[in-house]
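Peer 1: One structure, as structure tokens, below. Some questions next.
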Amino acid sequence: MSSNLFIAIEGTDGSGKSTQARLLAERLTNAGHSVHTTFEPTSGHIGRLLRSILKGEIKADQKAIAALFLADRLDHLLREEDGMVKKMQEGYSVICDRYYFSSYAYHSVYTDMDWVIDCNRMCAATLRPHLTIFIDVPTDECMTRIAAGRESAELYETTEILQKVRSNYLTAIEKLKDTEKVVTVNGSGTIEEVAERVWQAYIAISDNR
Ligand code: TYD
């Protein structure tokens, strides 16, 4: 049996998840794994449309946005040349910066979480992460980091929305605890400290396979 893993890294904006996804990928590569790192929204056509919506260049209804993220995800999974399904079949460990828990957390600020989970059922059936790591950081800390790093805020980058997003992550993790393997990692502290916690979460799951 192939030992490559599919790992999703989750967290609110400003949680440092992209840095942690990169560091985990580096560490796995150094340990001799073939690693494919990727992210959502993707850099494909639908992902680019989503980026324009997030920047406020195009307006769209929140349910339509949720549906576009689903379309982007299906494209990300099933794209013939470099889709995540293909990469898993080729033996890569795939590390994805955001996956369907992002949809559960962000879109249920505006709509019913069960609807979002239902919409993503095909993604879960196609490729369920062996491990989802939720990097949990208090919202005030995230907002400070966002303010330090960006000139203008994106669609969801307000304290009020990110507080709801964080709480929705926790609700979704609890709701799906029988079907999804999620580890919540304390994302406060230095980058190295958090990276070590992420690594330990990975070690625990890979030892149990
Ligand atoms: P993010 O990872 O923050 O990208 P970047 O670091 O390049 O800004 O993701 C962009 C936004 O997309 C973020 O606010 C969360 C949102 N998002 C959703 O609303 N639903 C989804 O399903 C996904 C994957 C992301």
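The values are calculated or read from the model by the stated rules, or taken from the named source; none is laboratory data. Worth saying up front: this structure is predicted, and the values here are computed from it rather than measured. Every residue, glycine as well, gets a Cβ built from its backbone with ideal geometry; the counts of neighbours run over all protein chains shown. What goes into the accessible areas is simple: the full protein's heavy atoms, side chains included, and nothing from ligands, DNA or RNA. Shrake-Rupley method; radii C 1.70, N 1.55, O 1.52, S 1.80 Å.
Peer 1: Please find, within the range 28-52, the residue that is most open to solvent (accessible area, probe 1.4 Å) out of those that are closer than 17 Å to residue 206 by Cβ and among the aliphatic types (A, V, I, L, M).
Peer 2: Ranking the qualifying residues of the range 28-52, first place goes to 31.
Peer 1: Next up: Identify, please: which residue in the range 101-119 is in contact with a Leu (Cβ under 9 Å, 6 or more places away or on another chain), free of Cβ contacts under 8 Å to residues at least 60 places away in the same chain and open to solvent by less than 30 Å² (accessible area, probe 1.4 Å) and is, among those, nearest to the ligand (Cβ to nearest atom)?
Peer 2: Within the range 101-119, the match that is nearest to the ligand (Cβ to nearest atom) is 103.
Peer 1: Please verify whether residue 22 is touching a Pro at 6+ places or on another chain (Cβ under 9 Å) and of a type outside the set (A, V, I, L, M), treating the condition exactly as stated.
Peer 2: no
Peer 1: OK, next. Kindly establish whether residue 122 is within 16 Å of the ligand (Cβ to nearest atom), surrounded by fewer than 22 Cβ atoms within 10 Å (Cβ to Cβ) and under 15 Å from residue 168 (Cβ atoms).
Peer 2: The answer is no for residue 122.
Peer 1: Let me ask something additional. Scan the range 27-56 residue by residue and report those that are of a type in the set (D, E, K, R), more than 10 Å from the ligand (Cβ to nearest atom) and within 18 Å of the chain's Cα centre (by Cα).
Peer 2: Result: 48, single match.
Peer 1: If I filter the range 147-160 for residues that are in contact with a Phe, Trp or Tyr (Cβ under 8 Å, 6 or more places away or on another chain) and either touching a residue at least 60 places away in the same chain (Cβ under 8 Å) or more than 22 Å from residue 51 (Cβ to Cβ) (or both), do I get at least one hit?
Peer 2: Checked the range 147-160: at least one residue is in contact with a Phe, Trp or Tyr (Cβ under 8 Å, 6 or more places away or on another chain) and either touching a residue at least 60 places away in the same chain (Cβ under 8 Å) or more than 22 Å from residue 51 (Cβ to Cβ) (or both).
Peer 1: Kindly indicate whether residue 79 is among the basic types (Lys, Arg) and open to solvent by less than 30 Å² (accessible area, probe 1.4 Å).
Peer 2: So residue 79 fails the test.
Peer 1: If you don't mind, there's one more thing I want to ask. Out of all the residues in the range 103-114, which are assigned to a helix (DSSP H, G or I) and either over 17 Å from residue 179 (Cβ atoms) or aliphatic (A, V, I, L, M) (or both)?
Peer 2: If the condition is that a residue be assigned to a helix (DSSP H, G or I) and either over 17 Å from residue 179 (Cβ atoms) or aliphatic (A, V, I, L, M) (or both), then 105, 106, 107, 113 are the ones that fit.
Peer 1: Hey, among 140, 118, which residue is among the charged types (D, E, K, R) and under 24 Å from residue 14 (Cβ atoms)?
Peer 2: The conditions single out 140.
Peer 1: With respect to residue 19, determine if the residue is under 24 Å from residue 196 (Cα atoms) and open to solvent by 10 Å² or more (accessible area, probe 1.4 Å).
Peer 2: The answer is yes for residue 19.
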